[in-house]
Amino acid sequence: MAKKGKFMLIDGHSLVHRAFHALPTMTTSTGIHTNAVYGFATMLNRLLDDEKPDYTIVAFDCAAPTFRHEAFADYKATRPPMPDELRMQMPLVQELVTANNIGTCELEGYEADDILGTLARQAREAGCSVVIVTGDKDALQLVRPGVEVLFTRRGITQMDRFDTALVKEEMGVLPTQVPDWKALVGDKSDNIPGVAGIGAKTATKLL
């Protein structure tokens with residue numbers, strides 16, 4: 001497959017949340033909170049400089065419900081609502097992305113994860129290499145030749161680059177096995193129960 005450039009796909013809400021919780025409170029003279037905007041801008045500029053992508057899309061979540069809520073009513077039921085201090089910054093973040101001539105994508109009934117996965121597959125089929133930037137380990141199932149995940153680790157600067165070998169090293173399974181691994185173990189952050197009595201080590205052994 002001939003390479004046709006690098007496509008960088010960014011999980012917008014994931015990076016905004018990371019910036020909001022990593023940086024101290026910042027406000028304008030009129031009381032508008034800006035720490036998430038500042039942190040996101042810092043991360044975006046560094047990614048553009050370091051990765052030098054030919055194409056970039058930032059995907060955002062739409063308001064619930066999604067098809068997952070329809071399938072499982074308690075999906076993410078234990079998550080607290082978005083703080084008002086963060087909510088007021090989301091339009092500013094989207095304005096920032098647009099001002100950088102970067103496209104955004106969101107779709108009612110779906111999450112940014114779904115958009116990232118779809119675009120990653122389409123970009124690979126078109127011959128692009130793909131780098132996905134997120135703080136959600138669910139994205140590791142998308143790793144394969146030509147698709148890497150930049151995973152936010154700490155603050156707004158530390159990121160790990162996951163290829164197939166690093167997924168296997170960190171999780172003990174291949175990227176294609178991540179969905180089954182998560183199904184066995186469950187996911188507390190999404191309020192998804194796993195199989196009773198099966199933890200991470202047992203799931204890895206079974207797979």
Over segment 28-45, the set of residues open to solvent by 80 Å² or more (accessible area, probe 1.4 Å) and modelled with pLDDT under 95 is Ser29, Thr30
For Leu92, all conditions in the list (1) modelled with pLDDT under 95; (2) open to solvent by 50 Å² or more (accessible area, probe 1.4 Å) hold save one; what is the number of the exception? (1)
Which one of these is open to solvent by 30 Å² or more (accessible area, probe 1.4 Å), of a type in the set (Val, Ile, Thr) and in contact (Cβ under 8 Å) with a residue 40 or more places away in the chain: Thr104, Thr98, Thr152, Thr118? Thr104
Looking at segment 158-205, which of its residues are in contact (Cβ under 8 Å) with a residue 40 or more places away in the chain, surrounded by 14 or more Cβ atoms within 10 Å (Cβ to Cβ) and among the polar types (S, T, N, Q)? Asn191
Are there any strands (runs of 3 or more DSSP E) wholly within segment 118-207 with 3 or more residues that are over 17 Å from Val58 (Cα atoms) and not β-branched (Val, Ile, Thr), and if so which? 158-162
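For (1) of a type outside the set (Gly, Ala, Ser); (2) more than 25 Å from Lys4 (Cβ to Cβ); (3) out of contact with any Asp or Glu (no Cβ under 7 Å at 6 or more places or on another chain), each residue gets a yes or a no:
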| position | (1), (2), (3) |
| --- | --- |
| Gly117 | no, no, yes |
| Asp160 | yes, yes, yes |
| Thr164 | yes, no, yes |
| Leu174 | yes, yes, yes |
| Gln177 | yes, yes, yes |
| Gly186 | no, yes, yes |
In segment 50-66, residues that are surrounded by 13 or more Cβ atoms within 10 Å (Cβ to Cβ) and more than 15 Å from Ser129 (Cα to Cα) total 7
Single unsatisfied condition, Gln141 versus (1) over 13 Å from the mean Cα position of the chain (by Cα); (2) among the polar types (S, T, N, Q); (3) closer than 25 Å to Asp180 by Cβ; (4) crowded, with 17+ Cβ neighbours inside 10 Å: (1)
Exactly one condition in (1) modelled with pLDDT of 95 or more; (2) under 29 Å from Asn35 (Cβ atoms) is not met by Arg153; state its number. (1)
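The values are calculated or read from the model by the stated rules, or taken from the named source; none is laboratory data. Remember, predicted model here, so these are calculated numbers, not experimental data. Don't worry about glycine lacking a Cβ; one is built from the backbone with ideal geometry, like all the others, and counts go over all protein chains shown. All accessible areas refer to the heavy atoms of the entire protein, side chains included, with ligands and DNA or RNA removed. Shrake-Rupley method; radii C 1.70, N 1.55, O 1.52, S 1.80 Å.
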